[in-house]
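The values are calculated or read from the model by the stated rules, or taken from the named source; none is laboratory data. Because the structure is a prediction, the values reported are computed rather than measured. Neighbour counts are summed over all protein chains in view; Cβ atoms, including those assigned to glycine, are modelled from backbone coordinates with ideal geometry.
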Amino acid sequence: MFDTLSDRLSGIFAQLKGKGRLSDADIDRTAREIRMALLEADVALPVVKSFIFQLKERARGAEVSKALNPAQQVIKIVHEELVLVLGGEGRRLQFAKQPPTVIMLAGLQGAGKTTLAGKLALHLKGLGHQPMLVAADLQRPNAVQQLQVLGERAGVEVFAPEVGSGVGDPVQVAKDAIEHAKRHMRDIVIVDTAGRLGIDAEMMAQAAAIRDVTNPDEVLFVIDAMVGQDAVATAEAFRDGVGITGVVLSKLDGDARGGAALSVRQVTGQPIMFASTGEKLEDFDVFHPDRMASRILG
Ligand code: GDP
């Protein structure tokens, strides 16, 4: 991920190296080239526009014109602006004052929700919590079984309708799960929900109904970082349809251009909290905007 963008940016910066002073023309050219590089990386247009505006404002200001090494200064500004685009300080999970803390996962089918549920459970267990997974994705064949396998691997209880029990209502499953968690002293409940291949009113209504019965402390929107431009519309639909409190980027190990990762924070207004970087349970990280920006700049 980001390889092309990283290469493009280092090429642009290389042209500035050794310059004693940057003229307005130098700054304009650099800004134009960075704009192209971001657009080619599939970053959403409004995000690119505000990024370039900030970059130009700052590059024309004193911090660059008075700098002994203006190229270095431009790189610093780009780094800082990337950190901001990715969410600045970052944010940690909010825990309920009265356990259990409920974390609901939402996103399209194939985004990586079920996988993420297992990863998050393992991560939280490692921090000393007693998480419980809830199989409320009754849409996709095998989603329940997939979650059970992941739960077993993570050593975490999975609350699921009995096989063949005929319990087909994910809202009821989610509701029962919260009661079960309270009775069994689970302090975190992670609810996996159904997605569809595209935005779908029924899916959104179901997710909203699960939200209403579980009253989640966090609604994490899981987005496949490989999807590019479509990410923006999907993110907006979930923000408006379900209401989200945070974002998880999945498949950051892929070789996509990275536009979704760089757009989703600004589009949703919510922080990126975790990153999924592979199919194994351990392929998971707390998201650090600063580290990601450093990775992009190489
Ligand atoms: P869901 O439909 O949103 O629950 O998506 P799944 O969790 O079932 O994931 C869909 C597919 O993507 C599965 O084959 C996962 O193994 C795979 N997957 C999930 N997360 C990642 C990731 O971070 N990296 C890679 N390479 N594959 C992933």
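When G90 is tested against (1) farther than 30 Å from A31 by Cβ; (2) at pLDDT below 95; (3) small (G, A, S), exactly one condition is not met: (1). The condition of being crowded, with 17+ Cβ neighbours inside 10 Å, among the small types (G, A, S) and farther than 23 Å from F51 by Cβ holds for only one of S276, S263, that being S276. Within the option set R183, R153, R211, being modelled with pLDDT of 95 or more, of a type in the set (D, E, K, R) and under 23 Å from the mean Cα position of the chain (by Cα) holds for one residue only, R211. Only one of the listed residues (G110, G88) is part of a loop (DSSP other than H, G, I, E, B), within 14 Å of the ligand (Cβ to nearest atom), touching a residue at least 40 places away in the same chain (Cβ under 8 Å) and not polar (S, T, N, Q). That residue is G110.
Scanning segment 225-248 turns up no residue that is over 19 Å from L93 (Cα atoms), over 17 Å from the mean Cα position of the chain (by Cα) and part of a loop (DSSP other than H, G, I, E, B).
Per the listing A231, A225, the residue uniquely within 16 Å of the ligand (Cβ to nearest atom), farther than 29 Å from A154 by Cα, in contact with a Ser or Thr (Cβ under 8 Å, 6 or more places away or on another chain) and of a type outside the set (K, R) is A231. Within segment 146-163, the residues that satisfy the criterion of being within 16 Å of the ligand (Cβ to nearest atom) and not acidic (D, E) are Q146, L147, Q148, V149, L150, G151, R153, A154, V156, V158, A160.
Report whether or not L297 is within 13 Å of L116 (Cα to Cα) and surrounded by fewer than 24 Cβ atoms within 10 Å (Cβ to Cβ). In short, no.
Residues in segment 122-145 that are under 13 Å from F159 (Cα atoms), more than 9 Å from the ligand (Cβ to nearest atom) and among the small types (G, A, S): A135, A136.
Applying the set (1) surrounded by fewer than 24 Cβ atoms within 10 Å (Cβ to Cβ); (2) touching a residue at least 60 places away in the same chain (Cβ under 8 Å); (3) in contact with a helix residue (DSSP H, G or I) (Cβ under 9 Å, 6 or more places away or on another chain) to A225 leaves exactly one unmet item: (1).
Residues being within 15 Å of the ligand (Cβ to nearest atom), buried (at least 22 other Cβ atoms within 10 Å of the Cβ) and of a type outside the set (A, V, I, L, M): count how many of those fall in segment 243-260. Residues flagged as within 15 Å of the ligand (Cβ to nearest atom), buried (at least 22 other Cβ atoms within 10 Å of the Cβ) and of a type outside the set (A, V, I, L, M) within segment 243-260 amount to 3.
On inspection, G278 qualifies as farther than 22 Å from V47 by Cα, small (G, A, S) and not in a strand (DSSP E or B). Condition first: more than 9 Å from the ligand (Cβ to nearest atom) and crowded, with 19+ Cβ neighbours inside 10 Å. Now tell me which residues in segment 279-294 satisfy that. F287, P289, M292, A293 - these are the residues of segment 279-294 that are more than 9 Å from the ligand (Cβ to nearest atom) and crowded, with 19+ Cβ neighbours inside 10 Å.
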